[in-house]
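Peer 1: First the structure, then my questions, so here it is.
The values are calculated or read from the model by the stated rules, or taken from the named source; none is laboratory data. Because the structure is a prediction, the values reported are computed rather than measured. Because the Cβ atoms are built from the backbone with ideal geometry, glycine has one as well, and the counts that use them run over all protein chains shown. For accessibility, only protein heavy atoms count, side chains too; no ligands or nucleic acids. Shrake-Rupley method; radii C 1.70, N 1.55, O 1.52, S 1.80 Å.
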Amino acid sequence: MPQILVEGLAKSYRVAERAPGLGGAVRGLFRRRWREVKALVDLSFSLEAGELLAFIGPNGAGKSTTVKILSGILRPTSGRVEVGGLVPYEDRLRHVARIGVVFGQRSQLWWDLPVLDGFDLLADIYRVPPDRYRARRDELVAMLRLEPLLAQPVRQLSLGQRMRAEFAAALLHDPEVLFLDEPTIGLDAPAKLAVREFVKRLNRERGVTVLLTTHDMHDVEALAERVIVIGQGRLLADSSLDALRAGVFAERRLWVDFTEEAPALDIPGVQVRARTGRSLELAFDPAKIPAAQLIASIAAAHAVEDIHVDEPAIEEVIARFYDLHDSSEA
Amino acid sequence: MSAALRPYAAAFRARFLLMLQYRVAALAGFATQCWWGAIKIMVYAAFYESAGAAAPISLPNIVTYTWLGQAFLALLPWLADPEVGASIRTGGVGYDRLRPIDAYGYWYARTLGWIAARALPRAVLMLLAAGVVLPLVGLEAWAWQPPAGPEAVALFVPAFVLMILLAVAVLMLANVVVAASLNERGVNAILMPTVVVFSGSLVPLDFFPDAMRPFLHLQPLAGLVDIPFRIYFADLRGAAALQGLALQAGWIVVLVALGRVAMARMMRHLEMQGG
């Protein structure tokens, strides 16, 4: 039995709409037009205990909606959802006691209270036994280097500091599953690294199941073995990052620096993507011409100074993927 | 403390301690209420001078009634909890749904913390000013008098507790409407005059025309001011006082039940949109 099971999940919102301008406003007083927005159309996937899954997709794809349904905040329009054998929105009290949630754009700590007071309150709200709470808190404080921040009111923390505190807050009750909705949004590079490192440790060492949504492809590269791509409320891909990359881009890239002006190359299956002075950027399909053979044939014909092969950047992979599925936000 | 209540006590504590920090607001509220109390008492004095014999409550009692009303003004449920409106607008309510505790109880405890913290400093200052300073400066006749006797004290204590619980039960209904309509202005605009008039905060309910009184004494808001304060100076005593307590308790049960149903419905329809 998987820890998270989602089958045929759909969620539509009803939004009021009116024509722009005064005329539209007046008409809206008498007759309100409603439009149905389908955030999720048909989504199915499952996740085993201890897995770490990244959810990616363009803005408006339905990622946050999925997290909100899984965490029990929202009720789906149709479909089946189970987390640890419980239906989140039917059995809310039991369900939420077993999960932790971090929304990157919101705070669950008390804005005007010192961090430590917020932790104490959460321990009371989750009814964590005092000795278990102290042990757990001390461990999280050490892992997240929160010691110097404990006495500060939350409003005085930087975003990076606050996110570290938010992570601790979400984990004080020792949840089995952690939902992270854009946890690295707005963070600087060191803070992002710290968050990734922490999430990885949590998953590896404690076996916490993690589902995260993100736009930061480096999060995905650093963390997830498995990636789900959704677009317009549907599942587009569910695979490893490497498989995703291979599926989207058969091609790879070769950068060549020549000792003199870059020559005109005409090798079948190889495209010149860019030419700057003595350098060429080539795209090739390794199925048609293996990298070794390509390099050998170039080096045989020209004086080469430096050469390296690379894959397309992950951002490019994803952007291309969205385009292929025509799922960028309208 | 019992484990069952631990989360709610925490929610109360968080809000209570936070609100107590607003000292300037408390002083400003105290100043306004002194001023307003003094004006009301002057109006009563003028009224009693011309028609005192017809008044249903004696002048010293009406003075005490007025000071009590001013002291506990912040306990009146005339403004929906601003935290509810704010959390609905910012989406913070989403986090409320993630707590493994009863949603109604959670908000109830927070709103209770809010009004209790607002009322406490104002009430203490008012007691000092109207109950201690006024007699000391020779204005004994215009002072806040102690309760009528041991029996009045014994009855006033539960009436006071029920008055606070009732106030929060009323506020919870307002909170639910705020959450459903996403805005507190409409609710507050209706709540404020209704509560001030029907609780007896404006004038004691016995000052209203005879025909209205049976209704006024049975409706829920009477338990907010009229019943507890009249128990305080033993205008309500014995069986009548017990009836008053029963009325307060009964309305609390009804309003809490209503609030729970309304909140459950509202929460089912609540949709959190956006990324």
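Peer 1: How big is D, in µm² s⁻¹, for region A:4-246 by Stokes-Einstein at 37 °C and 0.692 mPa s if Rh is the Kirkwood radius over C-alpha pairs?
Peer 2: 170 µm²/s
Peer 1: At 0.36 nm per residue, minus the direct Cα-Cα distance, what do A:T77 and A:A135 gain on full extension? Give it in nm, one decimal, please.
Peer 2: Extra length available between A:T77 and A:A135 comes to 16.8 nm.
Peer 1: Which of rounded, prolate or oblate describes region B:62-192 when judged by the alpha-carbon gyration tensor and an a/c cut-off of 1.5?
Peer 2: prolate
Peer 1: Report the extension gain between B:F47 and B:R13 in nm, rounded to one decimal, defined as 0.36 nm multiplied by the number of residues separating them, less their alpha carbon distance.
Peer 2: Extra length available between B:F47 and B:R13 comes to 7.9 nm.
Peer 1: Let me ask something additional. B:L127 versus B:M212, label points 7 Å from Cα toward the beta carbon: distance in nm?
Peer 2: 3.3 nm
Peer 1: Next question. For a quick check of understanding: with a 1.4 angstrom probe and all protein chains in place, what accessible area in square angstrom does A:R80 have, to the nearest ten?
Peer 2: Surface open to solvent at A:R80 totals about 100 Å².
Peer 1: Report relative contact order for chain A in percent, whole number only (criteria: Cα-Cα under 8 Å, sequence separation at least 6).
Peer 2: 19 percent
Peer 1: Loop-only trypsin sites (Lys or Arg not before Pro) in region A:126-222, please: DSSP not H, G, I, E or B, and at most 13 other Cβ atoms within 10 Å.
Peer 2: Those that pass, being in a loop and sparsely packed, are A:R145.
Peer 1: Kirkwood-based Rg over Rh for region A:250-310 (C-alpha set), two decimals?
Peer 2: 0.91
Peer 1: Inside 10 Å of the C-beta atoms of B:13-24, what's the mean count of C-beta atoms belonging to other chains?
Peer 2: 2
Peer 1: Something else now. Report the calculated FRET efficiency for A:A292 and A:A25 (r = Cβ-Cβ distance, R0 = 60 Å), to the nearest 0.05.
Peer 2: Given R0 = 60 Å and the Cβ-Cβ separation, E is 0.30.
Peer 1: Same structure again: If you count the DSSP beta bridges with both ends in the protein assembly as shown, what percent of them are antiparallel, to the nearest 5?
Peer 2: 70 percent
Peer 1: Also: Identify the GluC sites (Glu not before Pro) of region A:69-143 meeting these criteria: DSSP loop state and at most 14 other C-beta atoms within 10 Å of the C-beta.
Peer 2: A:E90
Peer 1: Once fully extended, how much extra length lies between A:W111 and A:R18, figured as 0.36 nm per residue of separation less the alpha-carbon to alpha-carbon distance?
Peer 2: In short, 29.8 nm is gained.
Peer 1: When we measure straight from the Cα of A:K38, which lysines land under 30 angstrom away, once same-chain ones fewer than 8 places off are left out?
Peer 2: A:K11, A:K63, A:K68
Peer 1: A further question on this structure: Grab the DSSP H runs of chain B that are 4 residues or longer, score each as -39,500 (n - 2.57), total them, divide by all residues and round the 222 nm result to the nearest 500 deg cm²/dmol.
Peer 2: Taken over chain B, the calculation gives -22500 deg cm²/dmol.
Peer 1: Separate question: Pop the C-beta distance of A:D42 and A:D174 into the FRET formula with R0 = 41 Å and round what comes out to the nearest 0.05.
Peer 2: 0.75
Peer 1: Counting only helical runs of four or more DSSP H residues, what would the 222 nm mean residue ellipticity of chain A come to if each run contributes -39,500 (n - 2.57) and the total is spread over all its residues?
Peer 2: Computed mean residue ellipticity for chain A: -10500 deg cm²/dmol.
Peer 1: Suppose the Debye formula is applied to equal point scatterers at every Cα of region A:50-102; what is log10 I(q)/I(0) at q = 0.16, 0.17, 0.25 Å⁻¹?
Peer 2: -0.49, -0.56, -1.08
Peer 1: Using a 7 Å offset from the Cα along the Cα-to-Cβ direction at both A:A299 and A:V87, what is the distance between the two label points in nm, to one decimal?
Peer 2: Modelled inter-label distance: 6.4 nm.
Peer 1: Quick one: 3J(HN,Hα) in Hz for region A:228-233, Karplus 6.51/-1.76/1.60 with θ = phi - 60°, rounded, Gly and Pro as x.
Peer 2: Taking θ as phi minus 60°, the curve returns 10, 9, 10, x, 6, x Hz for region A:228-233.
Peer 1: For the protein assembly as shown, what does the equivalent ellipsoid look like in terms of its semi-axes, each the square root of 5 times an eigenvalue of the Cα gyration tensor, given largest first in whole Å?
Peer 2: Semi-axes (√(5λ), whole Å): 65, 25, 22.
Peer 1: Would you list B:Y106, B:Y8 from the most to the least accessible area, probe 1.4 Å?
Peer 2: Accessible-area ranking of B:Y106, B:Y8, largest first: B:Y8, B:Y106.
Peer 1: While we're here: Which of the aspartates and glutamates could a cross-linker span from A:K192 if the Cα-Cα distance has to be under 12 Å and same-chain partners fewer than 8 positions apart are dropped?
Peer 2: A:E182, A:D216, A:D219
Peer 1: Please sort by residue number the GluC sites (Glu not before Pro) in region B:139-219 whose DSSP state is loop and whose Cβ has at most 11 other Cβ atoms within 10 Å.
Peer 2: For GluC sites (Glu not before Pro) across region B:139-219 that sit outside H, G, I, E and B with at most 11 neighbouring Cβ atoms in 10 Å, the list is empty.
Peer 1: Oh, and also: Calculate the dipole size of chain B relative to its Cα centre from +1 charges on Lys and Arg beta carbons and -1 charges on Asp and Glu beta carbons; express the result in debye to the nearest 20.
Peer 2: 880 debye
Peer 1: Using just the C-alpha positions of region B:91-158 as equal point scatterers, what log10 of I(q)/I(0) does the Debye formula give at each q in 0.11, 0.12 1/Å?
Peer 2: Treating every Cα as an identical point scatterer, log10 I(q)/I(0) equals -0.51, -0.57.
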